[in-house]
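S.K.: Right, I'll just put the structure down here and ask away after.
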Amino acid sequence: MIEITTKLTTGPLNVAHGQLLLPFELRQKRWLFTALVTGEEVALKLPRGTILRGGDFLLASDGRVIEVVAAPERVLHFECATAGELARLAYHLGNRHVPVQVGDGFLRLSENRVLEEMLRGLGANPTLIEAPFEPETGAYRGTHSQNDHSENPQGRIHEFGDPERSHG
């Protein structure tokens, strides 16, 4: 089993020696036992607050560079006729501290029936699609790097606080 403890700050000069395909929920975990796409077992032991993004590179204990690939997952995709309508949806999602991917003319969030119904009530017409999910990191995490499929619809994207004790 290879161990990974380092996220590289710049991409490698050469091609990566392996790929780690993970959905967003698992890319937020700093300690994780998983496998490369080849099936080779991996132990992630990353520093607190590390969130992996598709296109990030990791350094394995044996010197190999591993590329992180954002796995396609079921997400609600919203497009609106105007920027104002899109901003309104983003406002309501932000009030619920929900991880949201903001794209050029669209919003995406993890599949969630309750939020889907709320947004339909606001006039939105979501489409359920399979796509990599890369939500914004939040104001306290710095800028969005590159362009949840979880039982916790609010996800966990901030490096501080206990998600079980959040008041959002």
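S.K.: For Pro135, work out the one condition from (1) modelled with pLDDT of 95 or more; (2) in contact with a helix residue (DSSP H, G or I) (Cβ under 8 Å, 6 or more places away or on another chain); (3) under 28 Å from His17 (Cα atoms) it doesn't fulfil.
M.R.: (1)
S.K.: With the requirement that a residue be part of a loop (DSSP other than H, G, I, E, B) and buried (at least 20 other Cβ atoms within 10 Å of the Cβ), what does the stretch 103-123 give you?
M.R.: Passing the criteria: only Asn112.
S.K.: Going by the structure shown, is Val75 at pLDDT 95 or above, among the aliphatic types (A, V, I, L, M), within 23 Å of Glu130 (Cα to Cα) and touching a Phe, Trp or Tyr at 6+ places or on another chain (Cβ under 6 Å)?
M.R.: Yes: the conditions hold for Val75.
S.K.: While we're on this one: Give me a count of the residues in the stretch 32-54 that are at pLDDT 95 or above and either surrounded by fewer than 17 Cβ atoms within 10 Å (Cβ to Cβ) or in the same structural domain as Asn112 (by TED's automatic domain parsing) (or both).
M.R.: Qualifying residue count for the region: 10.
S.K.: Hey, another quick one. Looking at (1) basic (Lys, Arg); (2) over 16 Å from the mean Cα position of the chain (by Cα); (3) over 26 Å from Arg120 (Cα atoms), which is the one condition that is false for Arg96?
M.R.: Failed condition: (3).
S.K.: OK, next. Exactly one of (1) of a type outside the set (Val, Ile, Thr); (2) assigned by TED's automatic domain parsing to the domain that holds Glu130; (3) modelled with pLDDT under 95 is unmet by Phe57. Its number?
M.R.: (2)
The values are calculated or read from the model by the stated rules, or taken from the named source; none is laboratory data. None of these values were measured; they are calculated from a predicted model. Glycine gets a Cβ as well: all are built from the backbone with ideal geometry, and neighbour counts include every protein chain shown.
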